[in-house]
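No value in this document is a laboratory result; all are computed from the given coordinates. Here the structure is a predicted model, which means the values were calculated and not measured. Because the Cβ atoms are built from the backbone with ideal geometry, glycine has one as well, and the counts that use them run over all protein chains shown.
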Amino acid sequence: MLTGFLRLLAFLVAGESVVYLLALPLPGAVVGMAFLLIWLLWRGHAPSENLTKAANGLLQYLSLFFVPAGVGVILHFERLQREWPAIVSAIVFATLVSAAFTALLLKALAGRKNGQESRHG
């Protein structure tokens, strides 16, 4: 489990480093997760047991990761009251775009799977 946790930490550090060096407007953790995804796809098989255990160990405490966000909401509550229409609009727009993208991706992947089954079946 320690090697899996260290691997996750290495991808986090890599993502943070790339964001810092290139001055990207993205969270380093997101870039690190993208690196992890690319690495897993490149390997071509399921993650190791150590990586799975480390990820599940972190997911067990996922609710604790929302504490800083909750503190930020309370800290900026007056600003949220002033700018709630823009915030709600952004949330609704992002939700609709995400749902549409997910539907299109599902349709594309389902079509790809059906095409493979018809060729092999």
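Beyond 16 Å, what share of the Cα-Cα pairs of the range 65-121 remains, rounded to the nearest whole percent?
On the way: 1063 of 1596 pairs.
Result for the distance tail: 67 percent.
Averaging over all projection directions, find the projected area of the Cα convex hull of the range 31-87 and quote it in nm² with one decimal place. Spell out each step's value before the answer.
Numbers: hull surface 23.8 nm².
Spelled out: convex hull of the Cα atoms, projected over all directions, averaged, 6.0 nm².
Need one number: the % of Cα-Cα pairs in the range 1-53 sitting beyond the 16 Å mark. Spell out each step's value before the answer.
Numbers: 588 of 1378 pairs.
Of the Cα pairs, 43 percent sit more than 16 Å apart.
Using the membrane-span-like helix rule (whole DSSP H runs, Cα extent along the own axis of at least 27 Å, mean Kyte-Doolittle hydropathy at least 0.0), which helices of the chain qualify?
What comes out of the filter, once short or polar helices are dropped, is 2-22, 84-120.
Multiply the residue separation of residue 30 and residue 49 by 0.36 nm, subtract the distance between their alpha-carbon atoms, and state the gained length in nm to one decimal. The partial results should precede the final answer.
Working: separation 19, 0.36 × 19 = 6.84 nm, distance 2.25 nm.
This chain segment gains 4.6 nm when fully extended.
From the helices alone, meaning DSSP H stretches of at least four residues, give me the mean residue ellipticity at 222 nm for the chain, per-run term -39500 (n - 2.57), in deg cm²/dmol to the nearest 500. Don't skip to the answer; put the middle values down first.
Working: 6 runs with 100 residues, N = 121.
One gets -27500 deg cm²/dmol as the mean residue ellipticity at 222 nm.
Starting from 0.36 nm per residue, how many nanometres of slack lie between residue 90 and residue 63 once their C-alpha separation is accounted for? Mind showing how you got there, number by number?
Numbers: separation 27, 0.36 × 27 = 9.72 nm, distance 2.39 nm.
Computed gain between residue 90 and residue 63 is 7.3 nm.
For the chain, what is the largest minus smallest coordinate of the Cα atoms on each principal axis, given in angstrom and ordered from greatest to least?
If we take the Cα atoms of the chain, the spans are 60, 38, 33 Å.
For the chain, what is the charge dipole size about the Cα centre, in debye to the nearest 20, if Lys and Arg each add +1 at the Cβ and Asp and Glu each add -1 at the Cβ? Kindly include the intermediate steps, with their values, before the conclusion.
On the way: 9 positive and 5 negative charges, 82 e Å.
Around 400 debye, computed over the chain.
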